[in-house]
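Student: So that we are looking at the same thing, I have put the structure below in structure tokens.
The values are calculated or read from the model by the stated rules, or taken from the named source; none is laboratory data. Remember, predicted model here, so these are calculated numbers, not experimental data. Every residue, glycine as well, gets a Cβ built from its backbone with ideal geometry; the counts of neighbours run over all protein chains shown.
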Amino acid sequence: MQIESLKVFCDLAETESFTKAAQINNVTQSAVSQQISALEKQFDALLIERSKKKFRLTREGQVLYEYSQQIMHKYQAMQGKIQEIKEVISGTIRVATIYSIGLHDLPPYIKGFLKTYPKVNVHVEYQRANQVYEDVLSNVVDLGLVAYPTRDAKLETIPLRKDPLVLICHPQHPFARLKAVKLKALAGQNFIGFEPDIPTRKALDKILKDHGVEVRHVMEFDNIETVKRAVEIDAGVSVVPLGAIQQEMSSKTLAHVQLEDGEFYRPLAGIYKKHKVLSPALREFIAQLKQG
């Protein structure tokens, strides 16, 4: 029995998916099945009740999972300690991020991090917020980057920076001539919004509701890039994080206007699974994010 087989088994138990377990370990689904079969043969016990509708560990499988978790935690801690002694930071960091953070906030951090730690491989996946949480909880990734973090007893949350929210519009829109606008000025405006399940949309809906403002949602998208393109063709106005429009500000394809009614921010955060053993590389990566 090899340590890799126990890791594959733990990943399978946590994701309840042969596909995801294979993805995490960079092997084929067939290889995952073979390793599980080998473990069952070694322990002379059925570890997983296989069904098209349901995935469930047997009693023997649950025992193996609990002890394998302990072994993996010790093994990962040992690897980290040896790296610290050798003063070598290496390995792979798996990050899942929402699109806006991945496209606009993350690149300079990765560039600086890789310059300092060239032996580390940073693998980034772009996901919707709900998928980021799912991938973190199932150990598909080591770290998630989200906006408006949700409290979860199974997660550790690392507050990062707060990104100001601003109104954006076409450069020829009447709002573009103003330095600031009140939220009530948005009443009845054609509004380009995010889809209802997006955390930023939920936060904006609450802000507008608290100020008694109703906008006319004419388009809804699941990512900020499409929202910006719609505003650029003057299909409506929107409210977005300031950090996501730097390129459009430079090229003057969008105008941005401050909101008068207060200071509105989009909080950003990193999340990882509680009790996760952080590798030296991941600890350094998180430290660099926090410095920003």
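Here's the yes/no breakdown for (1) out of contact with any helix residue (DSSP H, G or I) (no Cβ under 8 Å at 6 or more places or on another chain); (2) touching a residue at least 24 places away in the same chain (Cβ under 8 Å):
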position: His73; (1), (2): yes, yes
position: Gln76; (1), (2): yes, yes
position: Ile89; (1), (2): no, yes
position: Tyr117; (1), (2): no, yes
position: Arg151; (1), (2): yes, no
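Student: Scan the stretch 135-148 for residues that are in contact with a Pro (Cβ under 7 Å, 6 or more places away or on another chain) and either outside any strand (DSSP E or B) or over 27 Å from Leu242 (Cβ atoms) (or both) and jot them down.
Tutor: Correct list: Tyr148 only.
Student: Additional query: Just checking, which of Ala180, Ala185 is surrounded by 15 or more Cβ atoms within 10 Å (Cβ to Cβ) and among the hydrophobic types (A, V, I, L, M, F, W, C)?
Tutor: Ala185
Student: Here's a check for you: in the stretch 79-100, which residue that is surrounded by 19 or more Cβ atoms within 10 Å (Cβ to Cβ) and out of contact with any Pro (no Cβ under 9 Å at 6 or more places or on another chain) is nearest to Glu195 (Cα to Cα)?
Tutor: Checked the stretch 79-100; the qualifying residue nearest to Glu195 (Cα to Cα) is Thr97.
Student: Out of all the residues in the stretch 254-268, which are farther than 22 Å from Ala185 by Cβ and surrounded by fewer than 21 Cβ atoms within 10 Å (Cβ to Cβ)?
Tutor: Pro267
Student: Quick check on the stretch 61-78. Is at least one of its residues over 30 Å from Pro199 (Cβ atoms), modelled with pLDDT under 90 and not in a helix (DSSP H, G or I)?
Tutor: no
Student: Condition (residue is assigned by TED's automatic domain parsing to the domain that holds Asn130, at pLDDT 95 or above and assigned to a strand (DSSP E or B)) applied to the stretch 272-286: is it met by at least one residue?
Tutor: Within the stretch 272-286, one or more residues are assigned by TED's automatic domain parsing to the domain that holds Asn130, at pLDDT 95 or above and assigned to a strand (DSSP E or B).
Student: OK, next. Which ones in the stretch 233-260 are polar (S, T, N, Q) and farther than 21 Å from Leu208 by Cα?
Tutor: Matches in the stretch 233-260: Gln246, Gln247, Ser250, Ser251, Thr253.
Student: Name, by its number, the condition in (1) at pLDDT 95 or above; (2) surrounded by fewer than 19 Cβ atoms within 10 Å (Cβ to Cβ); (3) farther than 28 Å from Gly236 by Cβ that does not hold for Gly144.
Tutor: Unmet for Gly144, out of (1) at pLDDT 95 or above; (2) surrounded by fewer than 19 Cβ atoms within 10 Å (Cβ to Cβ); (3) farther than 28 Å from Gly236 by Cβ: (2).
Student: Can I ask one more? Select, from Pro196, Pro164, Pro149, the only residue that is closer than 30 Å to His275 by Cβ and not small (Gly, Ala, Ser).
Tutor: Pro149
Student: Can you find even one residue in the stretch 50-59 that is free of Cβ contacts under 8 Å to residues at least 24 places away in the same chain, in a helix (DSSP H, G or I) and of a type in the set (Gly, Ala, Ser)?
Tutor: no
Student: Looking only at the stretch 1-42, count every residue that is under 20 Å from Thr92 (Cα atoms) and either in contact with a strand residue (DSSP E or B) (Cβ under 7 Å, 6 or more places away or on another chain) or outside any helix (DSSP H, G or I) (or both) and tell me the total.
Tutor: Matching residues across the stretch 1-42 total 3.
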